[in-house]
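To start, the structure itself, in structure tokens.
The values are calculated or read from the model by the stated rules, or taken from the named source; none is laboratory data. These figures come from a predicted structure and were not determined experimentally. Please note: Cβ atoms are built from the backbone with ideal geometry, for glycine as well, and neighbour counts cover all protein chains shown.
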Amino acid sequence: MESLDSPKHIKKWWAPAPWTTIDCEIDLRPGGAFRTVMRSPEGQDFPNVGCILELIENERLVWTTALEPGYRPALDPFFTAIFTLEDHAGKTNYSVRVLHKDEADRKKHEDMGFQFGWSKCLDQLVEVVKQLKS
């Protein structure tokens with residue numbers, strides 16, 4: 001099966017449809033870049049730049065928008081995401097934990113549709129995996 005960490009595959013599931021991810025760069029190493037550009041249905045682009053903090057292949061990815069690549073502080077810290085993949089009886093258990101600076105940042109992210117959007121992205125990831133396996 002092809003690797004899901006390539007930008008071409010990340011672009012297929014990262015933004016919740018009808019949004020799209022039109023560009024992606026990922027350097028899978030601590031301090032590496034995780035950069036995406038999401039496009040709204042109205043055609044507005046939203047660039048996001050983050051820094052990878054930890055990577056355990058096929059198990060865990062921790063990245064943050066509080067830092068830019070190379071651990072450089074960002075101007076507007078927003079969140080840190082912790083993705084975990086665990087083998088469970090021949091299947092994969094996926095979990096994500098998002099940490100915000102404070103309640104105001106959490107609420108801002110929630111108001112942007114965070115919970116719905118990330119749930120939809122997971123559904124899209126499952127479809128990409130199914131396509132790659134077939």
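Observations
- No other residue among ALA66, ALA89, ALA74, ALA81 is out of contact with any strand residue (DSSP E or B) (no Cβ under 7 Å at 6 or more places or on another chain) and of a type in the set (A, V, I, L, M, F, W, C) apart from ALA89.
- Some residue of the stretch 116-130 being more than 13 Å from the chain's Cα centre (by Cα), free of Cβ contacts under 8 Å to residues at least 60 places away in the same chain and assigned to a loop (DSSP other than H, G, I, E, B): no
- Looking only at residues of the stretch 21-34 that are buried (at least 16 other Cβ atoms within 10 Å of the Cβ) and either at pLDDT 95 or above or of a type in the set (A, V, I, L, M, F, W, C) (or both), we find that the one that is nearest to the chain's Cα centre (by Cα) is PHE34.
- When residues in the stretch 40-82 are screened for being small (Gly, Ala, Ser), outside any loop (DSSP other than H, G, I, E, B) and buried (at least 16 other Cβ atoms within 10 Å of the Cβ), 2 of them pass.
- Screening VAL37 with (1) over 15 Å from the mean Cα position of the chain (by Cα); (2) without any contact (Cβ under 8 Å) to a residue 24 or more places away in the chain; (3) over 25 Å from LYS130 (Cβ atoms) gives one miss only, at (1).
- Residue within the stretch 101-110 that is within 16 Å of the chain's Cα centre (by Cα) and of a type in the set (A, V, I, L, M) present: no
- Given (1) surrounded by 14 or more Cβ atoms within 10 Å (Cβ to Cβ); (2) assigned to a strand (DSSP E or B), number of the condition PRO16 does not satisfy: (2)
- Selection of the stretch 83-115 for residues being assigned to a strand (DSSP E or B) and more than 22 Å from CYS51 (Cα to Cα) yields GLU86, ASP87, HIS88, LYS91, THR92, ASN93.
- Selection within the stretch 20-75 - touching a helix residue (DSSP H, G or I) at 6+ places or on another chain (Cβ under 6 Å), hydrophobic (A, V, I, L, M, F, W, C) and under 20 Å from PHE114 (Cα atoms): CYS24, CYS51
- Within the stretch 74-92, one or more residues are of a type outside the set (Gly, Ala, Ser), touching a Leu at 6+ places or on another chain (Cβ under 6 Å) and free of Cβ contacts under 8 Å to residues at least 24 places away in the same chain.
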